[in-house]
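Each remark here refers to the structure printed beneath this line.
Every number in this text was worked out from the coordinates using simple rules, so none of it is lab data. In this text the structure is predicted, and so the values were computed from the model without any measurement. Neighbour counts are summed over all protein chains in view; Cβ atoms, including those assigned to glycine, are modelled from backbone coordinates with ideal geometry.
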């Protein structure tokens, strides 16, 4: 008996599904003997098909365990032994366990329905097959849903159809069915709601209803959720026939919201066609989507909604969801705004707002907050959650019934940014939970210029949400009613279960990444289709007019939103004259112009920045050096300057990399757009460089300050690499940097951080020897440069790989200088015998009569061109010398000393465009003082100290520039500071 108890105990933990699987799979040979313990059951064990392959000893043990306690064995054994004891004929005592979701009573009823038929086993198998078919649609129906408005992409990046989804009658064979079974009636399990009030349906109708529920404009991912109640809740919402019905009033409200969303973008495009605004064109349904979530949540008792989002569509959300006054938005396009009006601030599409108003649908007060967000995509996620948690805590909302959060995401960032995963994992932690967040993904199906097939490994950008069992509702954004329904369900889910939920708006981006960007360079086929795509407002309006919901005249009345915008625009002027400045050069009409321009430069034996880089890479490749360049949008370049990958304008994915065709025996060139992750990708490239000392490995940030989210890699691995890990590494970081008057984001690559971590001593003048330059490089922890000429950039890239050792190289690269007419170099500066210049000395009129020079200005980078332009305008070319320090670290003590000694009567000035507490000043000043043995002061000309890298006002930017240039050239300016 002890052995039998042990056997029973061993069986108890096994689940029903596990036991059923075991019974169906264990089939070793069986000894043919009678099963004696059951007196009236004298047939051999082999007569029971389900026991075929099961040893009689095992069956006997199961029988004794059953006699002791019928509940100690699986239900299928219990039924078998009961039937056998009751005298069931051999071969009929066993009943298969019910399928998942079907009760034993339902199975028995289904079996009783078919026992009278001539082929009992076939009919039972057919019923089980239908259960599997229904489950297949619930699990994988989203893979064939019509999600892409353009009809050219697969939202899951896979064009194949799952084998178990019925797309034609010949696929019925997968389930052992054929076309003759389509009109047979089958009983529906309790795990589906496709029957409505009916419990049986013909197979043909079952398939049709499954297609309507899971394979139209909505794709539902939920079957990975391990809670049956939650799965049943979702099934009811999407499977119940006729569930997606809207009243005439709801449709008219939806149309009005689509009008406001669309007309707002059109108005901005007309008024400020050359300004960045990151418009919503291609996903206009986002506005009614958010308003639907807020309406439904308000009806559930929510009083406070806290939102976070990236820049795309932000102005539209501020205007039409948060309801910020239109004149307050429009006036921020005025380049003449004073700092007193908006502070140093940020650009308009980063700003947030707080507003309390009446929700017109529910007639309840609601507070809406949009948290200010930098261009570090997804960085706002934990900030929003923390703010939401605080609001819940301070109002005593322990269940999240009154305060909730909504997070908006871009598809590339949602998949690529690690902070998304980290924030999801806070969602159920007791001290961090906000009791459910509604996530809305604006799925452009493109990053900046990066194809999603190159940006993620997961089928969907939303797959990260599966880690917390959040249901994911994919929806075609060109179907506003489907969007509205999904958002209603999402808000209901959050209110019911207080858990995260994701709405994936599969859409497109009608313009480039911003209104000044040309997307045809890299996505020609997509944008040819987009140009032909009828706007969603037009399609929906035509649909409602056809349905008789509105007349053409009523629609025209609803569509008069332009008048509201015009009136707000008039108020925004406030008797001021608008002077709209172009932020960037006009977009180029075609790639052939890029190649033609390069050819013309070569004929003139000059290079710009992009061509200098091209020639540096090409020369190394020809010498057998592998070059690898990776980062966000590096194939084309953030500023549309590089174009290292040419795209066929008619054939998808057909590309050419000219750099791989430089010479017959050249090394390969690898250039690759990366995932939208800095932390992960920079770490990867660092590892690549560790393993490949004879390759030039470069990582380029989309903007210089994007290295912020890779700071761990920089601080822990790159900066102290040789000292900490005893490993040399030659990785190159390309960080676009420069004050261009476009706000604090993307202006500064934070050179002060890198310089602060340099290990050269500012108070010790080194011993100058013949090998001083190379010895300095060997002793430093990394090299920091800011090249002002294409030739110097060419040389520093080549020097990086030609050195007999490896050091990390930090390069602050330009933005406006990429096309600056003066920022070009002659071939003569790149010929054999030329080299990288650590300092570019003054070579103009001032250098001819150094004793007459009253001021020697040292600088680095772009500000040099502003200084020389101002010097010429003031006619000071004979009395003011300007020298460029191109290599900041290790500091060129020897060259700086020689240059200062050349001008004995000159004041020394360090000039930078960055704020005084940023940039290079704190690094350069003590080293210059050491160089001249503190014989004279080193004056500062630049912006005053500030917390942010730059002002958000273009007018303030220009005033600051004028002020520090005045200081740099006013020969009396520093008298009072002595």
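The slack between residue 623 and residue 528, meaning 0.36 nm per residue of separation minus the straight C-alpha distance, is 30.2 nm. Shown for 287, 79: other C-beta atoms within 10 Å of each C-beta, ranked fewest to most, produce the order 79, 287.
Note on residue 226/residue 458: beta-carbon distance plugged into 1/(1 + (r/R0)^6) with R0 of 25 Å gives a FRET efficiency of 0.80.
Here the residues 231, 672, ranked from fewest to most Cβ neighbours within 10 Å of their Cβ, fall in the order 672, 231.
For Cα pairs less than 8 Å apart in space and 6+ apart in sequence, what is the mean separation divided by the residue count of segment 279-536, i.e. the relative contact order in percent?
Relative CO of segment 279-536 lands at 23 percent.
With equal scatterers on the alpha carbons only and no solvent term, can you work out the Debye log10 of I(q)/I(0) for segment 434-567 at 0.09, 0.12, 0.14, 0.19 1/Å? Per q value, in the given order, log10 I(q)/I(0) is -0.39, -0.68, -0.88, -1.15.
Would segment 120-239 count as rounded, prolate or oblate if I go by the C-alpha gyration tensor, calling it rounded below 1.5 in a/c and otherwise prolate when a/b exceeds b/c, oblate otherwise? Oblate, since a/c reaches 1.5 and b/c is not below a/b.
Distance between the 7 Å Cα→Cβ label points at residue 596 and residue 944: 5.0 nm.
Residue 208 to residue 246: FRET efficiency via 1/(1 + (r/R0)^6), r the Cβ-Cβ distance, R0 25 Å, to the nearest 0.05? Efficiency computed from Cβ-Cβ geometry: 0.70. The label point for residue 467 and the one for residue 874, both projected 7 Å from the Cα toward the Cβ, are 5.5 nm apart. Which shape class applies to segment 666-767: rounded if a/c is under 1.5, otherwise prolate when a/b exceeds b/c and oblate if not, where a ≥ b ≥ c are the square roots of the Cα gyration tensor eigenvalues? Oblate shape, in that a/c is at least 1.5 and b/c is the bigger or equal ratio. If you take every DSSP beta bridge whose two residues both sit in segment 279-536, what share of them, in percent to the nearest 5, is antiparallel? Of all bridge pairs located within segment 279-536, approximately 20 percent are antiparallel.
In terms of its alpha-carbon gyration tensor, segment 873-959 comes out oblate; a/c meets the 1.5 threshold, while b/c is at least as large as a/b.
Placing R0 at 45 angstrom, the Cβ-Cβ distance between residue 421 and residue 170 gives a FRET efficiency of 0.60 after rounding to 0.05. By other beta-carbon atoms within 10 Å, ranking 778, 793, 460 with the fewest at the front produces 778, 793, 460. Entry note, segment 113-203: relative contact order of 25 percent, from Cα contacts under 8 Å with a spacing of 6+ residues. Full extension of the chain between residue 199 and residue 764 yields a length gain of 194.5 nm, computed as 0.36 nm times the residue separation minus the alpha carbon distance.
The label-point distance for residue 972 and residue 556, in a model that sets each label 7 Å from Cα toward Cβ, rounds to 7.0 nm. One chain, two ends: residue 270 and residue 184. Fully extended at 0.36 nm per residue, the span grows by 24.9 nm beyond their Cα-Cα distance.
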